[in-house]
Ligand code: NI
């Protein structure tokens with residue numbers, strides 16, 4: 001450990017010990033004469049006045065007057081008791097004194113050296129919280145289930161959505177491996193039916209809690225009077241439509257949609273605006289609430305409206321439906337940020353209703369897959385001739401899963417038995433899934449992480465106090481592990497797909513996970529030195545390359561004949577979405593027409609190759625004509641995109657000895673392929689996928705054309721097919737260096 005890292009680690013340890021897992025982030029900033037320590041803690045919702053008061057108490061010049069301690073609050077959680085708040089305040093005060101102590105001590109020795117060492121290189125601002133839904137979208141596995149189905153000949157019925165997760169122990173709470181298939185977890189393209197009844201039930205308990213009541217409150221409607229918990233139980237366990245509508249009337253559609261079903265509370269998509277029994281749910285009648293001696297009368301309320309969901313229907317996706325059930329059933333294991341604001345006794349009764357709801361459509365299939373009768377806490381939904389839906393937590397001994405399926409009734413059958421068969425397949429697949437980095441909300445020791453754009457690549461720096469092993473991932477892409485206790489863990493990568501990504505860090509100590517942390521990072525394109533492409537390439541030995549080394553598990557996709565104004569941007573969209581790189585062999589005349597597309601190819605980290613200016617047969621040219629065709633495109637790509645192609649792909653694949661040696665004089669290597677999708681000929685996406693499936697292997701260079709809609713259509717499946725073969729998609733340059741290319745001639 002470097003000597004000057006000690007104060008920070010010491011302070012981190014003290015803060016972590018005092019506030020426990022409530023710490024979200026600790027950051028340090030050193031100005032020449034002062035050290036600022038900023039602590040972000042999980043804390044209650046505070047009014048602006050309380051917040052200022054809190055900060056005044058904690059911000060101060062302590063000890064040598066050179067420490068500034070600032071506390072940032074992660075709001076939106078349960079109100080802790082006043083006593084607990086004071087404990088935190090006192091604790092932080094003590095941290096400030098400790099900090100003052102060591103600052104004073106180190107100031108005696110070498111203040112300037114210390115200030116410098118604390119300034120570099122890490123974060124100086126707290127990382128903004130990332131929405132859970134967004135983070136799950138970044139890490140969910142979209143390939144494993146479809147491939148598993150394909151390999152076993154399982155056909156997923158059309159318009160079916162599958163969302164599943166394996167639940168395993170994480171850092172101080174459950175962690176998850178997420179999967180989806182078909183329409184997936186985030187599609188709204190199905191009718192959510194009665195599964196939505198869970199959401200107003202939770203909202204109703206939060207709402208009465210705010211009014212000072214519990215689930216035991218008796219609610220008097222004009223047509224009936226009953227205990228709230230009994231109404232909710234009938235609505236969930238028996239799927240009673242009347243009780244569901246009464247719950248909507250109690251909460252009021254405005255409060256439900258504007259205060260509960262919000263992005264901040266974890267429901268960015270769901271909107272409920274439709275009753276199921278014929279009762280008017282847009283107007284709530286006057287109601288009386290009574291519990292013990294407390295009594296409250298509410299006037300008539302009318303919903304003002306909202307507009308997130310068209311046609312007055314109910315909108316939801318499988319992810320959010322399952323979230324509601326997950327956060328109820330796993331309540332006791334979750335951090336306060338994830339817990340609903342409901343009394344423990346009410347959560348227990350709501351859980352009991354979910355675990356005893358009508359038989360699950362998954363039941364038989366889950367039993368067959370898990371080889372025991374699981375406990376299924378869920379809410380099914382079913383509408384004749386429309387959709388079968390079920391969503392819930394499946395518990396079988398130590399194994400736990402989240403599972404949600406929506407299937408059109410014409411595939412599932414009118415008794416929804418199709419869901420049982422599919423549940424069996426999905427759970428069997430999940431039991432065989434390879435291990436992956438589990439995802440969970442931030443927990444454990446504070447982690448500082450930063451992705452820096454450096455000349456020629458990206459550097460990732462991570463600090464975790466007390467760790468002896470750290471692994472980092474960007475979305476679903478592992479960057480690797482670093483063993484041994486280190487003050488800082490560093491990784492460097494030359495090429496990273498630009499855009500918003502989720503940086504994930506897991507840390508261990510003595511084999512036990514001590515921290516999980518994820519944050520949004522924006523990957524910026526690496527700046528290439530300007531105009532370096534104007535210096536001509538040095539002549540090289542003539543060579544023709546067909547593929548890379550079979551020993552590296554990499555392949556290169558190549559697209560010829562563009563850039564096309566319509567299809568190339570769509571290909572770039574897909575590559576960006578999938579985090580894959582490719583090489584584009586452009587024609588000069590096309591690049592001249594679409595300079596913006598050419599620049600985008602370069603900016604997004606792909607490689608540009610030369611495919612001549614007018615797509616001519618090189619074997620028919622003399623030396624001067626050859627030079628003209630090739631050098632014009634070299635200069636054009638340099639001027640428009642600021643790079644110099646290193647590879648020349650001969651149009652029609654025609655070359656001879658002369659062509660190869662003239663290219664070598666210009667510093668260019670002739671680049672062929674070993675997998676020809678023949679996409680220009682058959683224009684059939686299925687055929688493209690099939691050829692890639694049959695022929696691609698480690699080191700392959702795959703030929704496609706970015707000027708056909710059928711190629712665009714096939715691309716996502718081509719990428720999935722290659723990844724199923726454990727092949728990384730890289731540019732031609734990455735594939736060939738520094739491995740041993742296979743050459744001819
Ligand atoms: Ni061509």
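The values are calculated or read from the model by the stated rules, or taken from the named source; none is laboratory data. Since the model is a prediction, treat every value here as computed from it, not as a measurement. So basically every Cβ, Gly included, is an ideal-geometry build from the backbone, and we count neighbours across all protein chains shown.
Look through 304, 273 and report the one residue that is over 21 Å from residue 209 (Cβ atoms), touching a residue at least 40 places away in the same chain (Cβ under 8 Å) and surrounded by 19 or more Cβ atoms within 10 Å (Cβ to Cβ). Steps first, please.
Working: 304 fails: surrounded by 19 or more Cβ atoms within 10 Å (Cβ to Cβ).
None of the other options fit; the residue is 273.
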Exercise for the section: Would you confirm whether any residue within the stretch 340-355 is in a strand (DSSP E or B) and modelled with pLDDT under 95? Expected result: no
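Just checking, does the stretch 717-725 include any residue being closer than 30 Å to residue 434 by Cα and in contact with a strand residue (DSSP E or B) (Cβ under 6 Å, 6 or more places away or on another chain)? Explain how you work it out, then say what you get.
Taking the stretch 717-725 and keeping what is closer than 30 Å to residue 434 by Cα, we get 717-725.
Among the residues that remain, those that are also in contact with a strand residue (DSSP E or B) (Cβ under 6 Å, 6 or more places away or on another chain) are: 722.
Yes: the stretch 717-725 contains one or more residues that are closer than 30 Å to residue 434 by Cα and in contact with a strand residue (DSSP E or B) (Cβ under 6 Å, 6 or more places away or on another chain).
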Completion exercise
Wholly inside the stretch 451-501, strands (runs of 3 or more DSSP E) that include 2 or more residues that are within 16 Å of residue 581 (Cβ to Cβ) are 457-464, 477-483
Handout entry: Output for the stretch 370-394, where each listed residue is assigned to a loop (DSSP other than H, G, I, E, B) and touching a helix residue (DSSP H, G or I) at 6+ places or on another chain (Cβ under 9 Å)
Key = 373, 374, 379, 380, 383, 384, 385, 386
Practice task
Could you list, in sequence order, all residues of the stretch 116-141 that are modelled with pLDDT of 95 or more and part of a loop (DSSP other than H, G, I, E, B)?
Solution key: 140
Exercise for the section: Considering each residue of the stretch 395-422, count those that are more than 30 Å from the chain's Cα centre (by Cα) and part of a loop (DSSP other than H, G, I, E, B), and give that number. Expected result: 4
Practice task
Look at residue 239 and say whether it is more than 27 Å from residue 337 (Cβ to Cβ) and part of a loop (DSSP other than H, G, I, E, B).
Solution key: yes
Problem - Pair list, Cβ < 7 Å and 6+ apart or interchain, from the stretch 412-426 residues that are free of Cβ contacts under 8 Å to residues at least 40 places away in the same chain to residues that are outside any helix (DSSP H, G or I) and surrounded by fewer than 24 Cβ atoms within 10 Å (Cβ to Cβ) - result: 414/384
Handout entry: Unmet criterion (only one of (1) away from the ligand (no atom under 13 Å from the Cβ); (2) surrounded by fewer than 17 Cβ atoms within 10 Å (Cβ to Cβ); (3) more than 22 Å from residue 638 (Cα to Cα)) for residue 578
Key = (2)
Completion exercise
Of (1) more than 27 Å from residue 175 (Cβ to Cβ); (2) in contact (Cβ under 8 Å) with a residue 40 or more places away in the chain, residue 385 satisfies every one except (2)
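Taking residue 680 as the residue in question, decide whether it is within 12 Å of the ligand (Cβ to nearest atom), touching a residue at least 24 places away in the same chain (Cβ under 8 Å), in contact with a strand residue (DSSP E or B) (Cβ under 6 Å, 6 or more places away or on another chain) and in a helix (DSSP H, G or I). Walk me through how you get there before you give the answer.
Details: within 12 Å of the ligand (Cβ to nearest atom): yes; touching a residue at least 24 places away in the same chain (Cβ under 8 Å): yes; in contact with a strand residue (DSSP E or B) (Cβ under 6 Å, 6 or more places away or on another chain): yes; in a helix (DSSP H, G or I): yes.
Yes: the conditions hold for residue 680.
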Exercise for the section: Determine which member of the set 222, 263, 268, 192 is over 20 Å from residue 348 (Cα atoms), touching a residue at least 12 places away in the same chain (Cβ under 8 Å) and surrounded by 24 or more Cβ atoms within 10 Å (Cβ to Cβ). Expected result: 192
Exercise for the section: Give the residue that is nearest to the ligand (Cβ to nearest atom), with candidates limited to residues of the stretch 663-675 that are under 12 Å from residue 544 (Cα atoms) and in a helix (DSSP H, G or I). Expected result: 663
Exercise for the section: Consider residue 189 carefully, then state whether it is under 28 Å from residue 384 (Cα atoms) and in a loop (DSSP other than H, G, I, E, B). Expected result: yes
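Kindly indicate whether residue 482 is exposed (fewer than 13 other Cβ atoms within 10 Å of the Cβ) and farther than 28 Å from residue 333 by Cα. Even if it seems obvious, please write down each step before you answer.
Numbers: exposed (fewer than 13 other Cβ atoms within 10 Å of the Cβ): no; farther than 28 Å from residue 333 by Cα: yes.
No: the conditions fail for residue 482.
Within the stretch 581-592, which residues are away from the ligand (no atom under 14 Å from the Cβ) and more than 12 Å from residue 613 (Cα to Cα)? Outline the logic, then answer.
Narrowing the stretch 581-592 to residues away from the ligand (no atom under 14 Å from the Cβ): 581-582, 592.
Once the filter is applied, which keeps residues that are away from the ligand (no atom under 14 Å from the Cβ) and more than 12 Å from residue 613 (Cα to Cα), the stretch 581-592 yields 581, 582.
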Handout entry: Selection count where residues are over 19 Å from residue 391 (Cα atoms) and assigned to a helix (DSSP H, G or I), scope the stretch 142-161
Key = 7
Exercise for the section: Would you be able to say whether some residue in the stretch 631-645 is within 20 Å of residue 498 (Cα to Cα), part of a helix (DSSP H, G or I) and modelled with pLDDT of 95 or more? Expected result: no
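Can you find a residue that is part of a helix (DSSP H, G or I) and away from the ligand (no atom under 16 Å from the Cβ) anywhere in the stretch 695-709?
Among the residues of the stretch 695-709, at least one is part of a helix (DSSP H, G or I) and away from the ligand (no atom under 16 Å from the Cβ), which makes the answer yes.
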Handout entry: Answer residue from the stretch 607-626, given it is crowded, with 23+ Cβ neighbours inside 10 Å and within 15 Å of the ligand (Cβ to nearest atom) and is nearest to residue 597 (Cα to Cα) among those
Key = 608
Practice task
Return the total of residues in the stretch 638-660 being more than 16 Å from the ligand (Cβ to nearest atom) and either buried (at least 19 other Cβ atoms within 10 Å of the Cβ) or under 19 Å from residue 583 (Cα atoms) (or both).
Solution key: 9
